[in-house]
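Peer 1: Below: one structure in structure tokens.
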Amino acid sequence: MAKPSILVTRRLPDAVQARIARHYDAEFNDDDHVFSTDELLERCAGKDAVLPCHSEHFTAAVIDQLPASVRIIANFSVGVDHVDLEAAKQRGIVVTNTPDVLSDATAEIALLLTLGAARRASEGERLVRGGAWKDWSPSFMVGTQVTGKTVGIVGMGRVGQVAAARFRGFDMQVRYHNRSRLAPEKERGAVYHADLDEMLGQCDVISLHCPATAESKGLINAGRLGRMKDGAILVNTARGALVDDDALLDALRSGKLAAAGLDVFNGEPGGDPRYRELENVFLLPHIGSATVDTRNAMGDRALDNLDAFFAGDAPGDRVA
Ligand code: 8YV
């Protein structure tokens, strides 16, 4: 029987590409360039499946133009905000993602951002690296201590729960806002807030872990930043779309927030250039899942979904 044909939009780890090549008639992107929409559509011609990353945008217009041969979009990502799920459903295209396997790596980055923002890590690193560290005094580079403080997790899904466990390692009290309350064994003593606004003022650190959807776009706006404690820290490893950049920049400039740690941005790659001018923001280039272990596991998870689909079974991580 002929192998199913598949477009792999970005260069994946060698072991993952080798597994793909064994079981599929694959078209790879060896120089790993970002496809324009036209190139993406051209390369989809005659393919049974696409294995994209969050760098490919499957808007309703793109999905409408996909060739009829494409039956599944098996994402190499847990977030699926780059795919119009409703449009895919309408065309009968199955969509899958890669949950679970990137929770540990992303939670590590949430903690790195928290500590980096709280303890002024980029400022200090720049000082030493730039040869500008000339002095020491008791008031030099004094930051915010997070041990024993309170963290508010926005979105207590898989990543949020792992992040909560890591925050507990710093003796932090955990509060969380989620669409629904978790069972006690998952909650592990965390305090549930059905109302996000009510939680914000009770936390020293707010860490975002919810997906970007039409409802959550701009969730952290001027009003909500105003409700946060003076001197609090905002951490975002989820999606840039959750944050209103104008409002966050104002809160960082005015000192309302002590600092922010951001791994994700509106307008990636690059992000809003105004953040680069501020000392009290710790910035990373969307590397939440960027470890060898996790990227291999994401590839395997995407392939498990594809293998199930082409074997006529239900893919484990179907989202549309
Ligand atoms: C990935 C992510 O790097 O999986 C996600 O949703 O945000 C990242 O960790 C990227 O999306 C891979 O496509």
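The values are calculated or read from the model by the stated rules, or taken from the named source; none is laboratory data. Because the structure is predicted, anything quoted here is derived from the model rather than measured. Every residue, glycine as well, gets a Cβ built from its backbone with ideal geometry; the counts of neighbours run over all protein chains shown.
Peer 1: Among the residues of the range 296-307, what is the count of those that are buried (at least 19 other Cβ atoms within 10 Å of the Cβ) and either outside the structural domain of VAL16 (by TED's automatic domain parsing) or not charged (D, E, K, R) (or both)?
Peer 2: Summing the residues that are buried (at least 19 other Cβ atoms within 10 Å of the Cβ) and either outside the structural domain of VAL16 (by TED's automatic domain parsing) or not charged (D, E, K, R) (or both) in the range 296-307 gives 7.
Peer 1: Take ARG71 and tell me if it is farther than 29 Å from GLU279 by Cα, basic (Lys, Arg) and in contact (Cβ under 8 Å) with a residue 40 or more places away in the chain.
Peer 2: Yes, satisfied.
Peer 1: Taking the criterion of being more than 16 Å from the ligand (Cβ to nearest atom), hydrophobic (A, V, I, L, M, F, W, C) and closer than 24 Å to HIS286 by Cα, would at least one residue in the range 224-231 satisfy it?
Peer 2: Looking through the range 224-231, at least one residue is more than 16 Å from the ligand (Cβ to nearest atom), hydrophobic (A, V, I, L, M, F, W, C) and closer than 24 Å to HIS286 by Cα.
Peer 1: Quickly run through the range 36-67 and pick out the residues that are within 16 Å of the ligand (Cβ to nearest atom) and surrounded by fewer than 17 Cβ atoms within 10 Å (Cβ to Cβ).
Peer 2: Listed by number, the residues that qualify are SER55, HIS57.
Peer 1: Follow-up. Select, from LEU252, LEU306, LEU248, the only residue that is in contact with a strand residue (DSSP E or B) (Cβ under 7 Å, 6 or more places away or on another chain) and under 17 Å from CYS53 (Cβ atoms).
Peer 2: LEU306
Peer 1: A follow-up question, please. For the range 56-149, please list each of the helices (runs of 4 or more DSSP H) lying entirely inside it that holds at least 3 residues being out of contact with any Phe, Trp or Tyr (no Cβ under 7 Å at 6 or more places or on another chain) and at pLDDT below 95.
Peer 2: Answer list for the range 56-149: none.
Peer 1: May I pose another question? I'm told PHE170 meets every condition in (1) surrounded by 16 or more Cβ atoms within 10 Å (Cβ to Cβ); (2) over 25 Å from ASP100 (Cα atoms); (3) of a type in the set (Phe, Trp, Tyr) except one. Can you identify the failing condition by its number?
Peer 2: Checking PHE170 against (1) surrounded by 16 or more Cβ atoms within 10 Å (Cβ to Cβ); (2) over 25 Å from ASP100 (Cα atoms); (3) of a type in the set (Phe, Trp, Tyr), the one that fails is (2).
Peer 1: Can I ask one more? Is it true that ASN296 is within 16 Å of the ligand (Cβ to nearest atom), touching a Gly at 6+ places or on another chain (Cβ under 7 Å) and within 30 Å of ILE93 (Cβ to Cβ)?
Peer 2: Criteria not met by ASN296.
Peer 1: Additional query: Quick one: in the range 68-117, of everything that is in contact with a Gly (Cβ under 6 Å, 6 or more places away or on another chain) and within 16 Å of the ligand (Cβ to nearest atom), which residue is farthest from GLY316 (Cα to Cα)?
Peer 2: Among those residues, the one meeting the criterion is LEU113.
Peer 1: Now for a different question. Being under 17 Å from ALA302 (Cβ atoms) and more than 15 Å from the ligand (Cβ to nearest atom) is the filter; apply it to the range 26-35 and report the residue that is surrounded by the fewest Cβ atoms within 10 Å (Cβ to Cβ).
Peer 2: Among those that are under 17 Å from ALA302 (Cβ atoms) and more than 15 Å from the ligand (Cβ to nearest atom), it is GLU27.
Peer 1: If the requirement is being at pLDDT 95 or above and either over 29 Å from VAL16 (Cα atoms) or in the same structural domain as LEU12 (by TED's automatic domain parsing) (or both), which of these qualifies: GLY267, GLY255?
Peer 2: GLY255
Peer 1: Could you tell me whether any residue of the range 80-102 is under 30 Å from MET172 (Cα atoms) and surrounded by fewer than 20 Cβ atoms within 10 Å (Cβ to Cβ)?
Peer 2: yes
Peer 1: Another one. Of the residues CYS203, CYS210, only one is closer than 18 Å to ALA110 by Cα, touching a residue at least 40 places away in the same chain (Cβ under 8 Å), in a loop (DSSP other than H, G, I, E, B) and away from the ligand (no atom under 16 Å from the Cβ); which?
Peer 2: Going through CYS203, CYS210 in turn, just one is closer than 18 Å to ALA110 by Cα, touching a residue at least 40 places away in the same chain (Cβ under 8 Å), in a loop (DSSP other than H, G, I, E, B) and away from the ligand (no atom under 16 Å from the Cβ): CYS203.
Peer 1: Scan (1) of a type in the set (A, V, I, L, M); (2) more than 22 Å from ALA163 (Cα to Cα); (3) buried (at least 21 other Cβ atoms within 10 Å of the Cβ); (4) within 20 Å of the chain's Cα centre (by Cα) for the single condition VAL264 breaks and write down its number.
Peer 2: Among (1) of a type in the set (A, V, I, L, M); (2) more than 22 Å from ALA163 (Cα to Cα); (3) buried (at least 21 other Cβ atoms within 10 Å of the Cβ); (4) within 20 Å of the chain's Cα centre (by Cα), VAL264 violates only (2).
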